[in-house]
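Student: Shown below is the structure under consideration.
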Number of protein chains: 2
Amino acid sequence: MAAAIVTIMLIPQSLAYALLAGLPPEVGLYASILPLVAYAIFGTSRALAVGPVAVISLMTAAAVGGLGLATPAEAIAAAVVLAALSGLILLAMGLLRLGFIANLLSHPVIAGFITASGILIALGQLKSILGIKADGETAPELLASLARHVSEINLPTVVIGVAATGFLFWVRRGLKPFLLGLGLGSRAADIATKAGPVAAIAVSTLAVWSLGLDKAGVAIVGTVPTGLPPLGLPVLDPGLWRDLLVPALIISLIGFVESVSVAQTLAAKRRQRIVPDQELVALGASNLASAVSGGFPVTGGFARSVVNFDAGAETPAAGAFTAIGIALATLTLTPLLFFLPKAVLAATIIVAVLGLVDLSILRRAWAYSLPDFLAVAATIGITLLVGVEAGVSSGVAVSILLFLWRTSRPHIAEVGRVPGTEHFRNVLRHVVETDPRVLTIRVDESLYFANARYLEDYVLDRAARSTDLRHVVLLCSAVNDIDMSALESLEAIDQRLASMGVALHLSEVKGPVTDKLARTTFLDHLSGQIFLSQHEAMAALTAAGESPGIRRVG
Amino acid sequence: MAAAIVTIMLIPQSLAYALLAGLPPEVGLYASILPLVAYAIFGTSRALAVGPVAVISLMTAAAVGGLGLATPAEAIAAAVVLAALSGLILLAMGLLRLGFIANLLSHPVIAGFITASGILIALGQLKSILGIKADGETAPELLASLARHVSEINLPTVVIGVAATGFLFWVRRGLKPFLLGLGLGSRAADIATKAGPVAAIAVSTLAVWSLGLDKAGVAIVGTVPTGLPPLGLPVLDPGLWRDLLVPALIISLIGFVESVSVAQTLAAKRRQRIVPDQELVALGASNLASAVSGGFPVTGGFARSVVNFDAGAETPAAGAFTAIGIALATLTLTPLLFFLPKAVLAATIIVAVLGLVDLSILRRAWAYSLPDFLAVAATIGITLLVGVEAGVSSGVAVSILLFLWRTSRPHIAEVGRVPGTEHFRNVLRHVVETDPRVLTIRVDESLYFANARYLEDYVLDRAARSTDLRHVVLLCSAVNDIDMSALESLEAIDQRLASMGVALHLSEVKGPVTDKLARTTFLDHLSGQIFLSQHEAMAALTAAGESPGIRRVG
């Protein structure tokens, strides 16, 4: 019974997302059969339902559209290759435990990307609601194209499209309270709400058929081939595979992040666990299953998983039953879809994606921190103005660069001895003793390539300003790692200080770091020494019996 | 006098690097006049000499070669645009203080890149030594092309080329000890060593002229136009500028890193300072100066700067004198270069770049750490097999990914109370008290997008395994920042824990982090509380009078 409900609800979604991806509607059904079986076998979430989803369909349209293909058959072949590539990438990431790569997509970037994609998708569907032709991959292109063709509006299509959109919005917002007010149970009201799109499809199809509206210019779905998906291998065209590699990588990452976040949300509700690396394998298998059955890239979708969850799916087998249901539908129901107006499918999509649009992320990020705001703004702006792949890539690049920028300027303090103790503190905050011949610097971060040069600049700059200076001590108590760049920076600092007649010493170096340094020749060449404690360093370096330490007030 | 010596030495270098960049020899002279003046005005190093250098010339050849241009005039125009773009990029980076971007080029990546470039350059010059035609941009292409044409070897060219190469190697390694052995002063021996290439050029030119070897198939430089560089603006072809943008960016970064490292090395010898952001401005101005005078991208080179330094350059004016010297040479000496065999210029380049090749970086990186080794190996391998731009980009990408990977798994410890104290320590290392209803987790790193999901997985996984659990406390004493991704992960953790009937609390949150959280609605929705100290948290959460804390041995 749960499977039957889910099946009926998934059919319009599957058709609509195939059209969104620029593919014939049956491809959406094909992508909703074998992938479910593959996920049931390999997945770790009990409620997740995989299949076509809005954002991935948009990205498929962009990737396939970018190839400039001539025929629909070539577009299907390219979508199949995209699914195969995504499947292989996800599988490889799962087997190599590379799931962490998805972490590079920060929350603000994903939120911005989904919002911008929702806007792009809704704009792209307006043409079907208005019954005109329009194309474009960016918001300005779509708007300009809509404006150019606005005089060609088809009135019956607009009536159907607007009515369907209005109805679906009402179903989403107003139907449940209405039914509850009529005394219906909460569960039944939920199911009725989710069946709304099915009702819209049935009514509009009947209307078009009975009134002959297709002859009045209403675009209909037309013949959807009956029968199970054709099994076969993707075309092995190296040029095509190479062209689709980067889009497939981005689709894989976005799909994985979306799917895992849905799975974790649902799992937590029942105190269950999911295993992210195994999820990669399962999504990889699902996409490969989609590829061998003539489908396009799929992932775990929120809407379809919630249907599954609410329908009480308790075992992965529910997914297999749903697959059987959709297979039966493709064998029997497709002739009924002949008169289905495309405007209603467009309305289904618009209502679904406008639920994803949340521009408040910009305001929240602005209130929270500048780097987060810049990442969101870059993602939304570039997705709308340039395209989906450029948008995601820019968002990731901006987040990473801003993070590296922040850590590239570690906190560095000049320290001195708290009188009468063995403690060394920041000269700017404490009353401490220092010696003009000895400069002690504490770095509050591991040393790595992005901050190595900053340390070089800081130390050399500071040393060049002190003519009495004879010793620089690097207090390493907060340094958990030194990478090779930082090691070479230390070597450069040592050599350049030596050219100035100043020796470099290290103190309080942690065990693992000492071990690493010991495998190099750094310690052999070092002009100074390694001291176990800073106290020991100061004692040794100021013991030459010259001028005593000078007391300074920070 | 210093300027005269430097001038004579720079001429063969400038000619050779222009040929290496795939440009007519005079372009190398043009690129060595105005850029010197621009650097003298804006630069902060007293010894740095800017001009064409080997690696940047190779990258220019790759960038210009990739455009598929038909005529030498188009290649010059493209090189000029490349110099203009590099100049603008460097200037913008300097004015916006973006010098830190160069930090993304880690030491191992630069070392690997220079080594691989040296190999590519030497392979590319072999054709001139052998007197055959060969082309290709990757090591396999070059080798295959050399093998195909090896039967066309020109004997007189090989004799000249091999003799020149052998002579120059001997000059570099054996001449100075030999001269010192003859009783010459160290300074004079140095100058003689550096004049080696000039001698090779004079002797070989005379030999070709007197023996008529050009008629025997020895390729000669031919007519080098006499006269000062033609001043003018770069062509404003938007397509060309766009195509060269990425190569120009990479050339700018590599050039900047090379130049700053040379400048710092020389400055340290005299206890002087350079200002990296100002160096960006100076290099930008130098490249713009090169662009308006028909030159190609330039940077501060080690070889030419050392000549400058040894010749006693003490003020930026030395650069201006050198510029005048080279300008005089282009006015008067170019007819003397007519019979100069290209094989000798190739020998000059080979001897110079083989000094840069240092494959021991692979061994040293392997001994030091796996991430560093992978970055070097990727850089060398991809530079040799795919090309210079792909090589540098891969090296940078690998370094950043491995760094993010390392910080994406922060150290997380479960802590308990040291009996009788208010201290909380790792349960695995200390004998501490814990309560099965309360889980306290300490994260030893700031929370940001790359580790946010790891924390989510860790906490939810840990919580799902403890059925008695009622409270999770996040001890934030080591958390210096929480970015928006981490904030949303904390919200997700909170909601998912709430679905399990578990409350989330924070303790010991630092002031700046509290301020940031206070600007959001996080604290309003949080299922638990914020405690000033961990002790307070435990006191409040275990005070319900239920089962007492259980002593555990770590």
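The values are calculated or read from the model by the stated rules, or taken from the named source; none is laboratory data. Because the structure is predicted, anything quoted here is derived from the model rather than measured. Cβ atoms come from the backbone with ideal geometry, glycine included; neighbour counts cover every protein chain shown. Remember, those area values only see protein heavy atoms, side chains included, never the ligands or the DNA or RNA. Shrake-Rupley method; radii C 1.70, N 1.55, O 1.52, S 1.80 Å.
Student: Only loop residues by DSSP count here, and only those with at most 16 other Cβ atoms within 10 Å; note down the trypsin sites (Lys or Arg not before Pro) in the stretch B:443-472 that meet that.
Tutor: B:Arg465
Student: Between the DSSP loop rule and a limit of at most 12 other Cβ atoms within 10 Å, which chymotrypsin sites (Phe, Trp or Tyr not before Pro) in the stretch A:16-66 are left?
Tutor: Loop-located and lightly packed - none at all.
Student: Residues of the stretch B:428-455 losing 50 Å² or more of accessible surface, assembly versus chain alone, probe 1.4 Å, please list them.
Tutor: Buried by the other chains: B:Phe449, B:Arg453.
Student: Can you run phi through the Karplus equation (6.51, -1.76, 1.60; θ = phi - 60°) for the stretch B:350-355 and list ³J(HN,Hα) in whole Hz, with x for Gly and Pro?
Tutor: Per-residue couplings from phi come out as 4, 5, 5, 6, 5, x Hz.
Student: Jot down the per residue volume, in cubic angstrom and as a whole number, of the convex hull over the alpha-carbon atoms of the protein assembly as shown.
Tutor: Taking only Cα atoms, the protein assembly as shown has a hull volume of 199 Å³ per residue.
Student: In A, who owns the beta-carbon nearest the axis carrying A over to B, and how many Å from it?
Tutor: Taking Cβ atoms only, the nearest residue and its distance are A:Ile400, 3.
Student: Once the mean 1/r over all distinct Cα pairs of the stretch A:412-553 is inverted, what Kirkwood radius in angstroms do you read off?
Tutor: Result for the stretch A:412-553, one decimal place: 15.2 Å.
Student: What residue among A:Ile274, A:Ala207, A:Val235 has its Cα farthest toward the positive end of the dipole of the stretch A:151-297, where the charges are +1 on Lys, Arg and -1 on Asp, Glu, each on the Cβ?
Tutor: A:Ile274
Student: Distances from A:Val159 to the same residue in each other copy, label points 7 Å out along Cα→Cβ, in nm, shortest first?
Tutor: Ordered by increasing distance: 9.8 nm.
Student: Next question. Counting DSSP beta bridges in the stretch B:412-552, what percent are antiparallel, to the nearest 5?
Tutor: 45 percent
Student: Another question, if that's okay. Looking at the protein assembly as shown only, what percent of DSSP beta bridges run antiparallel? Nearest 5 please.
Tutor: Restricted to the protein assembly as shown, the bridges split so that about 55 percent are antiparallel.
Student: Decide, for the stretch B:213-365, between rounded, prolate and oblate: order the square roots of the alpha carbon gyration tensor eigenvalues as a ≥ b ≥ c, take rounded if a/c falls under 1.5, and otherwise choose prolate if a/b is larger than b/c, else oblate.
Tutor: rounded
Student: Measuring from a point 7 Å past the Cα of B:Leu184 along Cα-to-C-beta, which residues in the stretch B:152-174 have an amide N at less than 20 Å?
Tutor: B:164-174
Student: Let me ask something additional. Ignoring any ligand, DNA or RNA, what whole percent of the accessible area of the stretch B:181-294 comes from carbon and sulfur when the probe is 1.4 angstrom?
Tutor: Looking at the stretch B:181-294 in its full context, I get 68 percent from C and S.
Student: If you put a point 7 Å past Cα along the Cβ direction, how far is that point for A:Thr467 from the same point in each other copy, in nm, smallest first?
Tutor: 7.8
Student: Using a 1.4 Å probe on protein heavy atoms, which residues of the stretch A:484-501 have at least 30 Å² less accessible area in the complex than alone?
Tutor: With the partner chains in place, the stretch A:484-501 has these residues losing at least 30 Å²: A:Met484, A:Ser485, A:Glu488, A:Arg496, A:Ser499, A:Met500.
Student: Quick one: grab the alpha carbon gyration tensor of the stretch A:1-131, order the square roots of its eigenvalues as a ≥ b ≥ c, and give me rounded if a/c is under 1.5, else prolate or oblate depending on whether a/b is larger than b/c.
Tutor: rounded
Student: Checking the a/c ratio against 1.5 first, then a/b against b/c, what shape does the Cα gyration tensor give for the stretch A:2-400?
Tutor: Cα axes put the stretch A:2-400 in the rounded bin.
Student: Just from its helices, what would the mean residue ellipticity at 222 nm be for the protein assembly as shown, if runs of 4 or more DSSP H residues each count -39500 (n - 2.57) and the sum is divided by every residue, rounded to the nearest 500 deg cm²/dmol?
Tutor: -19500 deg cm²/dmol
Student: Shifting gears a bit: List the distances, in nm to one decimal, from the label point of B:Ala192 to the label points of the same position in every other copy, shortest first, placing each label point 7 Å from Cα along the Cα-to-Cβ direction.
Tutor: Ordered by distance, the counterparts are at 10.6 nm.
Student: Then there's this: From the cross-link list A:Lys133/A:Lys194; A:Lys127/A:Lys215; B:Lys176/B:Lys269; A:Lys176/A:Lys215; A:Lys269/B:Lys510, which pairs have alpha carbons spaced over 25 Å apart?
Tutor: Cα-Cα > 25 Å for A:Lys133/A:Lys194; A:Lys176/A:Lys215; A:Lys269/B:Lys510; rest within.
Student: Take the solvent-accessible surface of the protein heavy atoms, probe 1.4 Å, and return the percent of it on the stretch A:29-180 that carbon and sulfur atoms account for.
Tutor: 69 percent
Student: A further question follows. Between chains B and A, what is the buried accessible area in Å², counting both sides, with a 1.4 Å probe and ligands, DNA and RNA left out, to the nearest 100?
Tutor: 5800 Å²
Student: Quantify, in whole percent, the carbon and sulfur part of the accessible surface of the stretch A:347-498 (1.4 Å probe; protein heavy atoms only).
Tutor: 58 percent
Student: Calculate one ³J(HN,Hα) per residue across the stretch A:430-436 by plugging θ = phi - 60° into the Karplus curve 6.51 cos²θ - 1.76 cosθ + 1.60, and present them in order as whole Hz with x for glycine and proline.
Tutor: Couplings: 9, 7, 9, 9, 10, 10, x Hz.
Student: Hey, can you grab everything whose amide H is under 5 Å from the amide H of B:Ile220? Only 5+ residues off in sequence or another chain; H modelled, so Pro and N-termini drop out.
Tutor: Under 5 Å from the amide H of B:Ile220: B:Lys342.
Student: Next question, about the same structure. What angle, in degrees between 0 and 90 and rounded to the nearest 10, separates the Cα long axis of helix A:54-65 from the longest principal axis of the Cα atoms of chain A?
Tutor: 90 degrees
Student: Using a 7 Å offset from the Cα along the Cα-to-Cβ direction at both B:Leu69 and B:Leu370, what is the distance between the two label points in nm, to one decimal?
Tutor: Label at B:Leu69, label at B:Leu370, 4.6 nm between them.
Student: Turning to a different aspect of this structure: Taking 30 Å² as the minimum loss, tell me which residues in the stretch A:240-280 lose that much accessible area going from the chain by itself to the full protein complex (1.4 Å probe).
Tutor: The answer is A:Gln264, A:Ala268, A:Arg271, A:Arg273 - residues whose exposure falls by at least 30 Å² when every protein chain is included.
Student: Now for a different question. Whole number in Å², please: accessible area per residue of the protein assembly as shown, 1.4 Å probe, ligands, DNA and RNA not counted.
Tutor: With the other protein chains kept in place, the protein assembly as shown gives 40 Å² per residue.
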